[in-house]
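Trainee: Pasting a structure below so you can have a look.
The values are calculated or read from the model by the stated rules, or taken from the named source; none is laboratory data. Quick caveat, the model's predicted, so the values are computed rather than measured. Don't worry about glycine lacking a Cβ; one is built from the backbone with ideal geometry, like all the others, and counts go over all protein chains shown. Side chains included, ligands, DNA and RNA excluded: accessible areas come from the protein's heavy atoms. Shrake-Rupley method; radii C 1.70, N 1.55, O 1.52, S 1.80 Å.
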Amino acid sequence: MLSWDIVEHGKPLQKAMKDTPRPQGTEVLMRITRSGVCHSDLHIWDGYFDLGGGKRFYVKERGCVPPFTPGHEPFGVVEALGPRARGVKVGQKKLIYPWIGCGKCAICKAGQDNYCVSGTRFLGVNRPGAYSTHVIVPDPKYLLDSSGIDDSFAATLACSAVTAYSAANKLPKVGKNDSVAVLGCGGLGLIGIAILKARGASNIIGCDIDDTKLAAAQKAGAKKTINTRAPDALQQMQGIAAAIDFVGSPATAALGIAALRKGGRYVICGLYGGELVHPLPPIAQRAIGIVGSYVGSLQELKEVVALAKKRKIRPTPIETRSAEEANAALEDLKAGRVLGRVVLDFESVVG
């Protein structure tokens with residue numbers, strides 16, 4: 001098998017030839033054909049998350065130690081089955097749920113693998129990921145049928161779309177006259193707009209610092225767009241019922257929280273980095289909610305796939321590139337040159 005690995009954080013990925021693993025027990029060997037490129041891959045590539053105040057969380061502390069294969073938006077074909085794997089057949093195309101928990105703790109048993117205390121089996125985070133021709137999946141239950149959905153778009157559902165969907169699930173009930181702000185209109189924010197629209201939100205405000213991305217937000221369904229560099233950006237947003245922050249920076253957090261009406265809710269799922277400094281009394285006095293959201297559950301991904309099959313959510317701009325362009329894709333994403341999502345094509349890679 002071939003993989004594109006982080007050998008040294010911050011340095012170009014290196015192509016590596018390895019032995020193709022053999023599935024054991026309930027495991028399934030997947031031949032990867034598509035792998036989405038996510039902003040979280042940049043943090044793993046760099047080796048840390050910025051916690052603000054000069055503090056960092058190093059990914060090696062959660063098991064991501066080079067050489068390591070990133071990639072957590074995987075789509076592929078069943079190539080081989082372990083002796084106890086049931087429910088799938090060799091040759092079937094499947095979307096892979098990557099947020100795989102230990103399967104033993106109470107949280108996993110409640111269907112919330114993505115909140116697993118150990119979190120030691122997340123593909124592309126602390127287990128070898130999908131910048132590779134092959135991936136081992138622990139159990140067929142993590143494989144979803146996405147027939148009828150474009151392969152590249154399907155790959156992005158595993159992180160981008162399920163993250164946006166889970167964040168939207170944490171919003172309060174939104175009335176027809178209520179406004180919801182989407183902070184950050186990159187790949188995550190654009191699918192977030194599509195999901196909010198599918199859930200019945202009609203007054204969606206797309207917020208970004210890039211006019212090109214704001215134009216894409218309007219095309220995706222935003223009723224209004226705001227360049228947050230404008231001096232009156234807060235005034236334009238004031239009184240929103242809710243905000244989903246797909247960036248997760250001090251600037252977007254401050255803006256989203258300040259713009260909330262009384263009883264409003266700010267949901268953060270972006271991991272750009274930094275720290276939040278906010279006076280405590282107004283949180284109670286304004287009765288606002290500040291909520292974190294991390295990717296999504298297996299059930300939520302099933303619901304996202306169902307929406308995509310019904311064409312309730314449609315692909316945002318997606319560029320499919322050769323797997324050989326993995327380094328260029330990361331560089332372009334880091335420089336802000338990507339509109340929507342880049343998906344790597346591993347189908348033609350011989351490995």
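Trainee: Can you tell me which residue is nearest to V77 (Cα to Cα) among those in the stretch 315-351 that are over 15 Å from the mean Cα position of the chain (by Cα) and part of a strand (DSSP E or B)?
Mentor: Top of the filtered list is D345.
Trainee: Which members of the stretch 227-247 meet the condition of being farther than 14 Å from V174 by Cα and either without any contact (Cβ under 8 Å) to a residue 24 or more places away in the chain or surrounded by fewer than 23 Cβ atoms within 10 Å (Cβ to Cβ) (or both)?
Mentor: If the condition is that a residue be farther than 14 Å from V174 by Cα and either without any contact (Cβ under 8 Å) to a residue 24 or more places away in the chain or surrounded by fewer than 23 Cβ atoms within 10 Å (Cβ to Cβ) (or both), then N227, T228, R229, A230, P231, D232, A233, L234, Q235, Q236, M237, Q238 are the ones that fit.
Trainee: Would you please list the contacts, defined by Cβ atoms under 7 Å and residues six or more apart or on different chains, that run from a residue in the stretch 290-302 that is more than 12 Å from Y165 (Cα to Cα) to a residue that is surrounded by 15 or more Cβ atoms within 10 Å (Cβ to Cβ) and of a type in the set (K, R)?
Mentor: V291/K170; V291/R265
Trainee: So the check is Cβ under 9 Å with 6+ separation or different chains; which pairs have a first residue in the stretch 270-287 that's touching a residue at least 40 places away in the same chain (Cβ under 8 Å) and a second one that's of a type in the set (K, R)?
Mentor: G273/R56; E275/K55
Trainee: Moving to a separate point now. Could you tell me whether any residue of the stretch 32-41 is closer than 14 Å to A158 by Cα and open to solvent by 60 Å² or more (accessible area, probe 1.4 Å)?
Mentor: Scanning the stretch 32-41, I find at least one residue that is closer than 14 Å to A158 by Cα and open to solvent by 60 Å² or more (accessible area, probe 1.4 Å), so the answer is yes.
Trainee: Under 8 Å by Cβ, and 6 or more places apart or on different chains, what pairs join a residue from the stretch 17-34 that is touching a residue at least 40 places away in the same chain (Cβ under 8 Å) with one that is acidic (D, E) and open to solvent by 60 Å² or more (accessible area, probe 1.4 Å)?
Mentor: As it stands, the answer is L29/E79; M30/E79; R31/E79; T33/E347; R34/E347, since those pairs meet every condition given.
Trainee: Considering the stretch 79-132 alone, what residues qualify as being assigned to a strand (DSSP E or B), free of Cβ contacts under 8 Å to residues at least 60 places away in the same chain, in contact with a Leu (Cβ under 8 Å, 6 or more places away or on another chain) and open to solvent by 10 Å² or more (accessible area, probe 1.4 Å)?
Mentor: Matches in the stretch 79-132: E79, A80, L81.
Trainee: Filter the stretch 152-198 down to the residues that are assigned to a loop (DSSP other than H, G, I, E, B), of a type outside the set (A, V, I, L, M) and surrounded by fewer than 24 Cβ atoms within 10 Å (Cβ to Cβ) and list them by number.
Mentor: Selection gives K170, P172, K173, G175, K176, N177, D178.
Trainee: So, one more: So if I check each of R261, R311, R286, which one is of a type in the set (K, R), open to solvent by 20 Å² or more (accessible area, probe 1.4 Å) and within 30 Å of F153 (Cα to Cα)? First the steps, then the outcome.
Mentor: Values: R261 fails: within 30 Å of F153 (Cα to Cα); R286 fails: within 30 Å of F153 (Cα to Cα).
Answer to the check: R311.
Trainee: Moving on to the next point. Would you confirm, using the coordinates I've provided, whether Y294 is at negative phi and buried (at least 17 other Cβ atoms within 10 Å of the Cβ)?
Mentor: no
Trainee: Does I149 satisfy the condition of being closer than 30 Å to A251 by Cβ and either free of Cβ contacts under 8 Å to residues at least 60 places away in the same chain or open to solvent by less than 30 Å² (accessible area, probe 1.4 Å) (or both)?
Mentor: Spelling it out, it is not the case that I149 is closer than 30 Å to A251 by Cβ and either free of Cβ contacts under 8 Å to residues at least 60 places away in the same chain or open to solvent by less than 30 Å² (accessible area, probe 1.4 Å) (or both).
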